[in-house]
Structure formats: structure tokens, C-alpha cells
Amino acid sequence: MARRIFIIFFLCALIPVGGLAVIAYHHVSQQLEEQSRARLKRSVKSYSLFLFERFLILETEMTLAGTHIRGSSQDLSKSLDYSYLKRLQNRFSAMALIEPSGISRSLFGQFGKTKSLTEEERSHLNSGRHLVKILTRSGRHPDILMISPMDSGKPQSGFLAGKVNPVYLLALNEEYHLPAGTHLVLRDESQNIIHSSLPQDLPITRKFPPRAQGKTTGFFEFDWDSESYLAGFRWLFMEPQFLVAGFNITFVQSRTNAFLDIIEFRMIFPQVIILSLLVVMALSIHFIHMSLQPLERLREGTRQIAGSNFNHRVEIDSRDEFEKLGASFNQMADQLKDQFNELETNALITRSVLSSLETPKILETVISGMRECFSCEAVAIGLIDTEQTDRIHCFVADGQAAERIRSLECQLLPSEKTRLDNSSEFLIIRSNQHRPEYLSAVVGDGLGDYLVLPIFLDARLSAIITMAYRDPAALDSDRLRARQMANQVAVALSNSQLMEQLDQLNWGTLRALARAVDAKSPWTAGHSGRVTRLALQLAETLMPDPKERENLHRAGLLHDIGKLGVPVDILDKPGRLSDPEYEIMKSHPQTGARILEPIKEYKIVIPMVLQHHERFDGNVIRKDCLGSLSALGPAFWLLRTVLMR
């Protein structure tokens with residue numbers, strides 16, 4: 001069951017998580033890739049604006065410098081403040097004043113020769129605007145010149161020309177931080193590289209891709225030396241302001257650097273998914289264990305119940321259906337315990353019926369069993385006297401004397417007997433009803449409700465079972481089962497009475513046989529009874545076993561049964577017996593043994609009958625003593641035979 005739940009739980013998590021993971025992986029990867037490209041484009045745009053701003057700053061610096069040196073005939077460098085000059089030197093590598101005649105006066109740095117200005121350039125400068133020129137040099141990156149008129153209204157005043165410092169212009173002094181892993185490539189309108197931070201052998205440093213030419217902005221990729229690169233470019237228009245077509249600004253990143261977020265995502269995402277699945281597995285195992293723990297306890301409970309341990313309790317505190325199931329299981333265990341106790345009590349009563357036919361012992365067993373089997377506080381069984389039907393001999397076990405059974409006499413009124421005769425199944429007497437006299441045996445504090453079970457033998461009320469309760473609900477629950485128990489008691493009492501009747505018949509038969517023997521010889525009338533009485537008086541001291549005394553009792557009554565085979569004239573002869581008569585007389589023990597031999601139950605009695613005329617030395621009683629024997633002699637010999645067995 002745990003495996004099935006785990007598989008279902010795991011699949012329910014794996015399928016949606018796996019599906020979402022695949023979708024999220026592709027979607028996030030695509031989004032991150034687009035964001036990387038867009039970020040590269042934004043960086044190029046931001047840098048183009050920054051670069052244009054630098055040109056405007058240089059334009060302002062050129063205008064201020066022209067204002068300071070305008071009309072100065074002394075050394076131009078001395079016409080400028082030192083700090084301002086240092087600032088100009090930081091932004092321009094060289095600066096010179098170019099007169100209309102073409103003569104240049106250096107302000108600072110080595111300016112070198114420049115090409116003469118075209119008419120278009122002169123017209124642009126005369127209009128008061130600045131000019132930017134790209135000077136190509138063999139073997140070197142082109143120089144960028146910025147030229148401004150000294151006085152826009154006076155062309156004859158000349159022009160101020162400055163060679164732009166690429167370090168300042170391109171912010172190579174780390175004033176502008178390029179994105180991590182990004183390289184800058186700056187080209188002029190002729191695709192000449194003005195600046196490049198890439199290795200010289202990279203394809204883009206040699207030739208701009210044809211697919212990107214003619215576009216103002218764009219994005220392209222290229223491969224080189226087993227590495228992929230991304231490039232974003234933007235064209236910076238400067239012609240209206242500086243009469244130069246502009247510059248192509250290109251940012252280049254390796255695919256590894258550009259898609260670093262994607263790479264990290266692709267490394268972390270599977271780990272997150274695997275970790276999520278492991279967490280799902282751990283949680284599923286934990287919750288399955290928590291859920292199946294009550295089932296394990298219930299299984300252990302069923303094993304205990306199967307082993308007849310009905311006192312075992314299943315303790316579940318899950319606050320769900322399992323807790324209710326555990327409570328139901330415990331309730332079922334209690335019910336099974338009661339039912340098995342009832343079955344065991346019934347079996348005990350049945351065994352008592354089969355093993356014991358004594359009424360007191362049967363009643364003791366039944367009372368003890370009913371107290372264990374039912375929820376009553378007290379139990380009483382009353383036996384109705386067969387001769388005095390208004391008297392009940394009660395046997396009671398209650399809470400005050402639960403360890404023993406006491407007996408007492410109760411009275412049964414005619415009206416109460418009539419009511420019991422009319423209630424063949426059971427009679428319930430509530431606390432607010434009149435309490436019959438026969439309930440006095442089970443009266444106690446808090447005992448208000450009574451269940452009375454009449455027992456009929458041969459259609460005659462013979463016994464009453466009375467059960468006292470404190471809880472009326474328990475009485476209603478027990479009444480049907482108690483009636484079944486009463487039926488078992490009825491069978492037990494019936495069998496007991498039957499055996500008592502058979503026992504009485506047996507003893508009556510024995511006494512009748514003894515009287516028949518005594519009746520054959522009137523002068524020995526009562527002899528068997530006297531022998532029996534004397535033998536039993538001796539046995540009270542010498543024989544502790546009741547069973548042996550019972551056998552002695554039977555032997556005493558039957559010891560002379562062999563005289564039935566002796567002629568009457570020999571038995572009643574007043575004088576001495578002749579030898580032949582004496583031999584006949586001596587044979588009566590053997591004759592008695594033969595008479596009793598077919599009765600297996602009297603097998604133990606036969607030796608006593610056979611040996612009741614033997615002396616301790618094994619000899620037979622002398623002929624001259626036979627006629628004068630008293631009852632003590634046979635009684636003592638009967639007792640001797642039992643003791644010598």
C-alpha cells in the first residue's frame with residue numbers, strides 16, 4: 001500500500017513538475033537570451049549617447065579655448081590658465097591655431113600637418129559650427145580632429161584645431177564602464193577602425209559583416225576559433241552638427257559572457273528540479289509514513305485480537321478518519337471481549353454441567369461467570385424449595401462480598417410467584433416500581449434496576465436468577481444474552497437434579513437389596529445396616545477421601561448379598577453347622593462377588609465383598625464363631641480390605 005501511494009504521489013508530482021520544468025526551461029532560456037541581446041543593444045545605444053555627449057563637451061571646450069586665446073599675440077600656451085590648460089591637455093592630445101594663410105601656431109602637443117579645408121568645410125565653419133575630421137594614417141588608427149572657428153563672424157581670424165584624445169573620448173580611462181566581458185569597436189564612415197579592444201585577427205576587426213552594412217542599428221553573430229560571438233551595433237549620426245557622417249559603434253561579447261545568466265540558469269535549474277523532486281519524495285515518504293502508521297497500529301491491533309488479547313488498545317491521535325477508525329476498532333475489541341467472555345462463560349457452564357453434577361458447585365461457577373460476563377453489580381440464584389414453594393434458598397455474589405458466595409433464605413409470595421410464572425423470558429423491575437421480597441438478597445446502594453430470569457424445569461418454577469444494575473442502559477443491553485445464559489443454567493440444574501434422582505435411586509436400590517438379604521433370615525434383620533454404620537464411623541477417622549467412604553458405604557450394604565445363594569435352613573439353623581453346611585456358608589462371599597461382577601461400576605466393591613470374612617492372617621473365621629459374630633467384625637474387615645488395597 002505504501003508503494004502504491006508513493007508511486008501515485010510521486011507521479012502526481014513528477015508529471016506536472018516535469019512538464020512545467022520543460023516549458024519553464026525553454027521559455028526562461030528564450031527570455032534570458034532575448035534579454036541578453038536586448039541588454040547588449042541598450043548598452044550600444046547608451047554608449048552612442050555618451051559618445052555624442054563627449055563630442056559636445058569637446059565642442060564647448062574648443063569654444064572656450066578660442067575665447068581665451070582670441071586676439072592674443074603672445075605665446076598661446078601662456079594665454080591660458082594652467083589648470084585650464086591641463087584640462088585641455090587631458091581631452092586633446094594636441095591643439096593649434098590655424099591662420100587663414102595656412103600657418104599653424106601650436107598651443108600644445110605635436111599637431112603635424114593637416115589637409116587643407118574644402119570649401120564645404122570652410123562654409124560649415126564660417127556658419128559658426130564645429131567640424132570633425134577623420135585623418136587616416138598608414139599603420140595606425142585614424143586621428144579625430146575637431147576644428148572650430150575663432151570668430152564665426154570673422155573668417156580671417158582663423159580656426160582652432162584640436163586632436164581629440166581617444167582615451168578621453170572613448171572613456172578608456174574607466175570613466176565609463178563597459179558591461180563585463182564587452183569589447184568596443186569604433187569605425188568611421190569608411191569602416192576604418194578608429195579603436196578596437198578585440199584581438200586584431202578577429203574577423204570583425206578586419207571587415208564589418210556585409211549583412212550589417214547599410215543599417216543604422218542591428219545585431220549579428222559570428223563564430224571564430226570554436227567560439228561564438230554576439231555583436232550589437234549602432235550608427236551615431238553627426239553630420240548636421242559636425243559635418244562628419246558619423247561613427248559605427250559596435251559592442252562584441254562572447255556567447256559565454258553574453259549568455260552567462262542562461263548558462264547559470266541551465267546549470268541551476270536541473271538541480272532545482274532534482275532537489276524539488278527529492279523534497280517531494282522525502283515529503284511523500286514522510287506523510288505516507290505518518291498516514292500508514294495508524295494502519296500499522298491497526299494491523300498490530302488485529303494481530304493482538306487474533307491472539308485473543310482483547311485488552312489491547314489502538315492509540316491514534318491523527319485527528320482524522322484514522323482516529324475515528326481507531327476508536328471504532330477499540331469499541332469492536334470491547335464488544336468482542338464481551339462476546340468471547342460470554343462464550344467462555346457459556347463454555348465454563350457447559351463444562352461444569354459435564355464435569356460436575358453437584359448443584360452448589362454449578363451455582364458457584366454460574367454466578368462467578370455472570371459477574372465477569374455482564375455489567376451487573378450483583379448476581380443471585382435462588383432455588384425454590386420443592387416442598388415449601390414459598391421459600392427460596394439464594395446464593396449471592398455482590399460488590400461487598402465478590403470474593404465469596406454467601407447464601408440466605410428469602411420468601412416468595414404467591415402473587416410474586418404468579419407474576420414470575422407469567423414472565424417466562426425475563427422480568428424487569430425498575431427503581432420506581434415495587435420491589436418484591438425475593439430481591440432482598442441483592443439490595444444495595446445505587447442498585448435500582450433488576451433483571452429477573454425465571455427458570456422452569458418440567459413446567460415448574462424451580463429457580464430465579466436476579467441481576468442488579470446501576471446503569472439502566474447496561475440492563476437493556478444484557479437482557480437477551482442473560483436469558484440465553486439462564487437457559488444454560490436451566491440445563492445444568494436439570495441435569496443436576498436428574499443425577500441426584502439417579503443417585504437417590506441407586507442408594508435406594510442398594511438399601512432394598514440389603515433389606516432383601518436381611519429379610520431372608522429374620523434373626524439377622526438389620527445386620528447390613530449396622531455393619532455399614534459401624535464401618536462408616538471408623539472411616540470418618542481413617543479415610544479422609546469421600547470417594548473411598550462412598551465405596552465403603554456401598555460395600556457395607558452389599559457385603560452379604562451372597563447369602564441369597566445360601567439355603568434358608570442353613571441360615572436359620574439354631575445349632576452348630578455341619579461340615580458340608582459350613583462349606584456352603586463359607587461360599588457366600590464368592591457368591592456375592594459373582595452376583596456383582598456384571599456391574600462394572602461396582603468393580604471396586606467386589607474385593608470388599610469377597611474378603612469381608614478373612615482375618616488379617618488370611619484365614620477364614622472359625623466355624624464355631626460364625627454364628628456368634630456381631631456387626632463389628634464384618635465392619636472392621638470391610639474397612640481392612642479398603643486400607644490394604
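The residue list Leu49, Leu85 contains one member that is surrounded by fewer than 16 Cβ atoms within 10 Å (Cβ to Cβ), over 60 Å from the mean Cα position of the chain (by Cα) and not acidic (Asp, Glu), which is Leu49. Annotation note: of Ile584, Ile561, the sole residue that is at pLDDT 85 or above and in contact with a Leu (Cβ under 9 Å, 6 or more places away or on another chain) is Ile584. For segment 534-567, filtered to residues that are in contact (Cβ under 8 Å) with a residue 60 or more places away in the chain and surrounded by fewer than 23 Cβ atoms within 10 Å (Cβ to Cβ), the residue that is farthest from the chain's Cα centre (by Cα) is Leu534. Filtered by the rule that a residue be part of a helix (DSSP H, G or I) and either closer than 18 Å to Ala13 by Cα or small (Gly, Ala, Ser) (or both), segment 290-319 gives Ser291, Gly301, Ala306.
Taken over segment 240-289, residues that are under 30 Å from Ile57 (Cα atoms), touching an Asp or Glu at 6+ places or on another chain (Cβ under 9 Å) and assigned to a helix (DSSP H, G or I) amount to 2. Mind checking whether some residue in segment 577-599 is over 22 Å from Asn506 (Cα atoms) and touching a Pro at 6+ places or on another chain (Cβ under 9 Å)? Taking every residue of segment 577-599 in turn, at least one turns out to be over 22 Å from Asn506 (Cα atoms) and touching a Pro at 6+ places or on another chain (Cβ under 9 Å). His68 meets each of the listed conditions (1) touching a residue at least 24 places away in the same chain (Cβ under 8 Å); (2) surrounded by 14 or more Cβ atoms within 10 Å (Cβ to Cβ) apart from (1).
Note on segment 290-335: residues that are surrounded by fewer than 16 Cβ atoms within 10 Å (Cβ to Cβ) and of a type in the set (Val, Ile, Thr) amount to 1. Name the single residue that is surrounded by the most Cβ atoms within 10 Å (Cβ to Cβ) among those in segment 481-494 being over 16 Å from Ile362 (Cβ atoms) and at pLDDT below 80. It comes out as Ala482.
Every residue in segment 288-312 that is among the hydrophobic types (A, V, I, L, M, F, W, C) and touching a residue at least 40 places away in the same chain (Cβ under 8 Å), please. I'd like the intermediate steps shown before the answer.
Filtering segment 288-312 down to residues among the hydrophobic types (A, V, I, L, M, F, W, C) leaves 288, 290, 292, 295, 298, 305-306, 310.
Residues satisfying the conditions are Ile288, Leu292, Leu295.
Within segment 86-205, considering only strands (runs of 3 or more DSSP E) that don't extend past its boundaries, which have at least 1 residues that are of a type in the set (Ser, Thr, Tyr) and at pLDDT 80 or above?
On the way: elements: 92-98, 104-108, 131-137, 140-149, 159-164, 182-187, 193-196.
Answer list for segment 86-205: 92-98, 104-108, 131-137, 140-149, 182-187, 193-196.
Would you confirm whether or not segment 581-594 contains a residue that is farther than 17 Å from His613 by Cα and crowded, with 18+ Cβ neighbours inside 10 Å? Show your work before the answer.
Applying the first criterion (farther than 17 Å from His613 by Cα) to segment 581-594 yields none.
So far as segment 581-594 goes, no, none of its residues is farther than 17 Å from His613 by Cα and crowded, with 18+ Cβ neighbours inside 10 Å.
Would segment 502-519 turn up any residue that is of a type in the set (Val, Ile, Thr), outside the structural domain of Lys586 (by TED's automatic domain parsing) and surrounded by fewer than 17 Cβ atoms within 10 Å (Cβ to Cβ)? Yes: one or more hits. The number of residues in segment 392-426 that are at pLDDT below 75 and of a type in the set (Asp, Glu) comes to 2. Within segment 430-456, the set of residues being buried (at least 17 other Cβ atoms within 10 Å of the Cβ), over 13 Å from Ala380 (Cα atoms) and modelled with pLDDT under 80 comprises Pro436, Leu447, Gly448.
The values are calculated or read from the model by the stated rules, or taken from the named source; none is laboratory data. Keep in mind that what you see is a predicted model, and the values were worked out from it rather than measured. Backbone-built Cβ (ideal geometry, glycine too); neighbour counts: all protein chains shown.
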